[in-house]
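Comments concern the structure below.
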Amino acid sequence: MDKRIAVLAGDGIGPEVVKQAIKVLDAIGHRFSHNFTYDVALVGAAAIDETGNPLPDETIEACKLSDGVLFGAIGDPKYDNDPSAKVRPEQGLLKLRKSLGLFANIRPVHLYYSLIERSPLKEDRIIGTDLVVYRELTGGIYFGEKGRMNNGNTAYDHCEYSTEEITRVAHLAFEAALLRRKKLTLVDKANVLETSRLWRETVQKLAQNYPLVEVEYLFVDNAAMQLIQRPNEFDVILTENMFGDIISDETSVITGSIGLLPSASVGANTALFEPIHGSYPEGAGKDIANPVATILSAAMMLDHFEMHEEAKLIRTTVKKVIDKGLVTPDLNPESFIACSKVGDVISLLIESDLEDENAFDNLFEGNLPLI
Ligand code: IPM
Ligand code: MG
């Protein structure tokens, strides 16, 4: 199959982790005779530096013409502590989500048993954690009217949701629950917010069409607590834009590193795939970032292309490499390999068609030129 992929590496460690995901996609291409072509485009601080615009029109065009977008990371400290900056890197990502109509952000959280020690939480609390967050991505407080009044001394951000915006993402979340453990948790703040009451009302109605799915309703403050106390009891978490942003970072801690968590953003047009982590500017250019989240995001892209066998091969290879302890410093500061080496090992294993475990072990014992 031929697929055209828009590559938006962005800022900080973005280019390094995206490079590893491309190595892995190329390995899949060789092994399964697919032809992936990459259309590189600017976004974020990198785009501001070159064009003054965090999302140049050519970038939107490249994304629309592609079959899928592979995204790295966005953000640069030089804007973070300047609240008066009129142009910010993050605007590029938000505008891109809106332009591509990416209303659902899907963030799976999978715990690798071999990394259980890396989690700050106790094993008996987290064992078996396997959940997915469905975060609404193009509405709510992120996109409502915002501004200043009273000579700049009062600021506001409006939060608005329509039944239609809620229904379309909730529908995807229910469908996902049906294919999983058939449990859905709506996270809201319906005891305080009118938008949350509309979420609850809409989800209650929709739930009637999914009698097989058990629905649980949690206020976001309580959910934040329960996620740490009993993460393994969650299956699908459905929530609005800002709660989803916060809750998904929280869930990443359970797994031991935010560098492990991929995401897919889907909607009306081309879908976008990105790690959930940020641009980690302190790590940029040092070859120490964890590329696994981006590599797994590429796997989600392959699933989206209906290349399920290919996606599965990436996931099983990532697991093998993690189980072998071939990880970046975020996962083991005492014994680690470089970001680029993780990409090398995973792509080499994918290309080498290793069927049996012995061959896999031989590769690591006899032949470690890569590491
Ligand atoms: C995320 C990020 C973004 C968000 C930022 C970079 C705008 O935190 O994708 O989770 O808040 O959505
Ligand atoms: Mg976030």
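Output the residue which, of all residues in the range 48-74 that are part of a loop (DSSP other than H, G, I, E, B) and away from ligand 1 (no atom under 16 Å from the Cβ), is farthest from the chain's Cα centre (by Cα). Ranking the qualifying residues of the range 48-74, first place goes to G52.
Residue pairs whose Cβ atoms lie under 6 Å apart, separated by 6 or more positions or on different chains, with the first residue in the range 246-271 and in contact (Cβ under 8 Å) with a residue 60 or more places away in the chain and small (G, A, S) and the second more than 10 Å from ligand 2 (Cβ to nearest atom) and in a helix (DSSP H, G or I), are G256/L115; G256/R118; G259/A293; A264/M300; A271/H304. In this structure, P231 qualifies as open to solvent by less than 70 Å² (accessible area, probe 1.4 Å) and either in contact (Cβ under 8 Å) with a residue 60 or more places away in the chain or in the same structural domain as R125 (by TED's automatic domain parsing) (or both).
In this entry, V87 passes the filter for residues that are assigned to a loop (DSSP other than H, G, I, E, B) and touching a residue at least 24 places away in the same chain (Cβ under 8 Å).
Evaluated against (1) open to solvent by less than 30 Å² (accessible area, probe 1.4 Å); (2) within 16 Å of ligand 2 (Cβ to nearest atom); (3) of a type in the set (S, T, N, Q), S119 falls short on exactly one condition, (2).
Given the condition away from ligand 1 (no atom under 16 Å from the Cβ), outside any helix (DSSP H, G or I) and touching a Ser or Thr at 6+ places or on another chain (Cβ under 9 Å), answer yes or no: does some residue in the range 244-254 qualify? Taking every residue of the range 244-254 in turn, none turns out to be away from ligand 1 (no atom under 16 Å from the Cβ), outside any helix (DSSP H, G or I) and touching a Ser or Thr at 6+ places or on another chain (Cβ under 9 Å).
Selection of first residues in the range 16-32 that are farther than 13 Å from C339 by Cβ and of second residues that are surrounded by fewer than 24 Cβ atoms within 10 Å (Cβ to Cβ) and polar (S, T, N, Q), restricted to Cβ pairs under 7 Å at least 6 apart or on distinct chains, gives the following pairs, ordered by first then second residue: G29/N35. Under the condition of being under 18 Å from A173 (Cβ atoms) and either open to solvent by 10 Å² or more (accessible area, probe 1.4 Å) or within 14 Å of ligand 2 (Cβ to nearest atom) (or both), the residues counted in the range 251-280 number 9.
When F219, F243 are checked against the criterion of being open to solvent by 10 Å² or more (accessible area, probe 1.4 Å), aromatic (F, W, Y) and within 16 Å of ligand 2 (Cβ to nearest atom), F243 stands alone in meeting it. Of all residues in the range 318-342, those that are touching a helix residue (DSSP H, G or I) at 6+ places or on another chain (Cβ under 8 Å), among the hydroxyl-bearing types (S, T, Y) and open to solvent by 10 Å² or more (accessible area, probe 1.4 Å) total 1. Would you mind stating whether L296 is more than 12 Å from ligand 1 (Cβ to nearest atom) and open to solvent by 10 Å² or more (accessible area, probe 1.4 Å)? Yes: the conditions hold for L296.
The values are calculated or read from the model by the stated rules, or taken from the named source; none is laboratory data. Just so it is clear, the structure is predicted and the values come from calculations on it, not from any experiment. Cβ: placed from backbone, ideal geometry, glycine included. Neighbour counts: every protein chain shown. Only protein heavy atoms, including side chains, enter the accessible area calculation; ligands, DNA and RNA are left aside. Shrake-Rupley method; radii C 1.70, N 1.55, O 1.52, S 1.80 Å.
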